[in-house]
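Here the structure comes first, spelled out in structure tokens, and everything after it is commentary.
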Amino acid sequence: MLKGKITRLVVAGDSWTYGSEIRDPSLPDTVNDWDEPNDAYRLPRIWPTKLGNHLGVDDVVNLSYPAASNDRIVRNLVGWLTQEYLAPKKDTSELFVVIGLTSPERKDFYYRDIDDKNKHFWYTMWPMWKHKYPQDELNQFAELYAAYMWNPEEYTHRYLQQIFYLQTLFNQYGIKHMFFQAFYQRNDMHIRQWTDNPYNRHYQGQPDEMVWNMIDPVKFMHKDDAVQSFHNYIIKKDTSPGQKDSILNMHPSELGHTWWADHMYEYGKENKLW
């Protein structure tokens, strides 16, 4: 292997990177798009595999999962990198990592049942929509959390810190990388247009705008562009009459995945990322 040649593509994200709704129509209705029997149909049709094909990379590791939070994305990616490369001090020059960021509001908590100590797990809260959680106490907590503790002062700050943390980690270990936003663009505004005033007032000086300005504007695709996200890119590109062919229900079709993989490849080539 030539030193510096990309031989392994690692991707992390939510349903837009996992390939939700890309499902083999010949499978019985009891099989979901995320079930293993659908993998042979789904995997060749999603952007990570298609980008790997552009790069001549057969080894594509997809750490994504539907409805994942950025908390989960960061936790799983850093855990995987630590076990595979960082702890054993393995050369990272073969790697290229792509992170498809999701909605910042999603938040993970670690749950432990007070009556059954063996029942404990990470779970994601989605405060932006009504959702029934598996335990009654989680539903009660979710209502209180959404009413009192679901605030942009927290989730935007956490989002920025996660990106900055990953960028710092990648730079420290010489890991080639790229970020993009999957579908979330807050009221068509960019973080550079926000002010630090509410953060300064409530948190005594979190320099969030300064942190955003320190995020690499090339390695974060379309960081300050009007068309910023995967979703907005394929919607703008899709000029089909009536229903958009690039979107199935809430997720990209194979056509949408193809367009995004093509675009990412050209973007990376133009910016000398590979």
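The values are calculated or read from the model by the stated rules, or taken from the named source; none is laboratory data. Since the structure is predicted, the reported quantities are computational estimates derived from the model, not experimental observations. Virtual Cβ from ideal backbone geometry, glycine too; neighbours counted across all protein chains shown.
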Task: Any pair with Cβ under 6 angstrom, 6 or more apart, that starts in the range 51-79 at a residue that is within 20 Å of HIS251 (Cα to Cα) and ends at one that is polar (S, T, N, Q) - done: LEU63/ASN76; SER64/THR17; PRO66/SER15; PRO66/SER20; SER69/THR124; ASN70/THR102; ASN70/GLN162
Open item on the list: Of all residues being aliphatic (A, V, I, L, M) and touching a residue at least 60 places away in the same chain (Cβ under 8 Å) in the range 218-274, which is surrounded by the fewest Cβ atoms within 10 Å (Cβ to Cβ)? Just the residue, please.
Closed with: MET250
Open item on the list: ASP216 - would you say it is of a type outside the set (A, V, I, L, M, F, W, C) and touching a strand residue (DSSP E or B) at 6+ places or on another chain (Cβ under 9 Å)?
Closed with: yes
Task: Within the range 240-274, tally of residues that are assigned to a loop (DSSP other than H, G, I, E, B) and aromatic (Phe, Trp, Tyr) - done: 1
Task: Enumeration of residues in the range 11-35 that are among the hydroxyl-bearing types (Ser, Thr, Tyr) and closer than 18 Å to HIS257 by Cβ - done: SER15, THR17, TYR18, SER20
- [ ] Provide a single number: the residues in the range 177-231 that are modelled with pLDDT of 85 or more, under 16 Å from ILE99 (Cβ atoms) and not in a helix (DSSP H, G or I).
- [x] 18
